[in-house]
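Right, one structure below, let's go through it.
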Amino acid sequence: MKAYLAIKFYEDNRNRDKIDRISTLLSNNRIKTICITRDAENWGEKIFQPKELMKITFEQIKSSNFVLIDLTEKGVGLGIEAGYAYANGIPIITIAEETSDISNTLKGISKKVILYKNIQQLNKIFKVDNIRRVLDM
């Protein structure tokens with residue numbers, strides 16, 4: 001199973017640890033992740049022109065079983081990725097820290113919205129059988 005991880009990106013990679021922790025939890029549960037900033041841009045070592053970046057992004061979303069959006073911090077790119085996934089029939093699971101504001105539009109297109117206190121709580125939720133149930137697979 002493959003998940004496209006959508007999360008607010010920063011040029012200084014200030015949330016790299018969070019990306020790594022979420023990816024590790026998914027990997028430990030036999031779910032491969034693709035994260036553009038990590039896998040395509042190699043943490044900022046490679047820079048793409050906007051059109052090429054979006055082409056790569058859309059290809060990766062289409063090749064994924066689901067999109068996992070961490071909306072703890074909002075970003076325009078997250079909305080684009082969510083909209084593209086939804087338009088292409090790719091299921092969306094939204095996660096965010098408890099105090100986050102999730103828009104009704106994202107709630108409306110997500111198969112599930114999960115609020116967490118700490119990332120470790122996601123380990124149980126990321127079990128393949130739980131994900132399959134959420135995605136109706």
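Could you please find all residues in region 69-97 being in contact with a Phe, Trp or Tyr (Cβ under 7 Å, 6 or more places away or on another chain) and either of a type in the set (A, V, I, L, M, F, W, C) or closer than 17 Å to ARG21 by Cβ (or both)? Listed by number, the residues that qualify are ILE90, ILE92, ILE93, ILE95, GLU97. Quick check on region 105-122. Is at least one of its residues surrounded by 14 or more Cβ atoms within 10 Å (Cβ to Cβ), over 12 Å from the mean Cα position of the chain (by Cα), touching a residue at least 60 places away in the same chain (Cβ under 8 Å) and within 20 Å of ASN15 (Cβ to Cβ)? Within region 105-122, one or more residues are surrounded by 14 or more Cβ atoms within 10 Å (Cβ to Cβ), over 12 Å from the mean Cα position of the chain (by Cα), touching a residue at least 60 places away in the same chain (Cβ under 8 Å) and within 20 Å of ASN15 (Cβ to Cβ). For region 123-137, a residue qualifies if it is farther than 12 Å from MET1 by Cα and free of Cβ contacts under 8 Å to residues at least 60 places away in the same chain, and the qualifying residues are LYS124, ILE125, ASN130, ARG133, VAL134, ASP136.
Can you spot a residue in region 81-89 that is buried (at least 16 other Cβ atoms within 10 Å of the Cβ) and either touching a Gly at 6+ places or on another chain (Cβ under 7 Å) or under 20 Å from ASN15 (Cβ atoms) (or both)? Break it down into steps so the answer makes sense when it comes.
Restricting attention to region 81-89, the residues satisfying the condition of being buried (at least 16 other Cβ atoms within 10 Å of the Cβ) are 81-82, 84-86.
If we keep only those that are either touching a Gly at 6+ places or on another chain (Cβ under 7 Å) or under 20 Å from ASN15 (Cβ atoms) (or both) as well, we get 81-82.
Yes - at least one qualifying residue is present in region 81-89.
When the residues of region 1-29 are filtered to those that are among the aromatic types (Phe, Trp, Tyr) and buried (at least 20 other Cβ atoms within 10 Å of the Cβ), the one that is nearest to LEU122 (Cα to Cα) is TYR4. Residues in region 55-89 that are small (Gly, Ala, Ser), closer than 14 Å to LEU5 by Cβ and either without any contact (Cβ under 8 Å) to a residue 60 or more places away in the chain or assigned to a helix (DSSP H, G or I) (or both): GLY77, ALA82, ALA85. For region 25-40, a residue qualifies if it is part of a loop (DSSP other than H, G, I, E, B) and either free of Cβ contacts under 8 Å to residues at least 12 places away in the same chain or on the phi > 0 side of the Ramachandran plot (or both), and exactly one does: ARG30. Contact map, region 1-19: residues that are in a loop (DSSP other than H, G, I, E, B) paired with residues that are surrounded by 19 or more Cβ atoms within 10 Å (Cβ to Cβ), Cβ distance under 6 Å, separation 6+ or inter-chain. Pairs shown: MET1/ILE31; PHE9/THR37. Counting only residues that are farther than 15 Å from THR72 by Cβ, out of contact with any Pro (no Cβ under 8 Å at 6 or more places or on another chain) and at pLDDT 90 or above, region 108-125 holds 3 of them. Candidates are the residues of region 42-54 that are part of a loop (DSSP other than H, G, I, E, B) and out of contact with any helix residue (DSSP H, G or I) (no Cβ under 8 Å at 6 or more places or on another chain); the one that is surrounded by the fewest Cβ atoms within 10 Å (Cβ to Cβ) is GLU45.
Of the residues ILE102, ILE93, only one is within 16 Å of the chain's Cα centre (by Cα), part of a strand (DSSP E or B), at pLDDT 90 or above and not hydroxyl-bearing (Ser, Thr, Tyr); which?
Working: ILE102 fails: part of a strand (DSSP E or B).
Being within 16 Å of the chain's Cα centre (by Cα), part of a strand (DSSP E or B), at pLDDT 90 or above and not hydroxyl-bearing (Ser, Thr, Tyr) holds for just one of ILE102, ILE93, which is ILE93.
The values are calculated or read from the model by the stated rules, or taken from the named source; none is laboratory data. Bear in mind that the values here come from a model prediction, so they are computed numbers and not experimental data. As a convention, Cβ positions derive from the backbone with ideal geometry for all residues, glycine included, and neighbour counts pool all protein chains shown.
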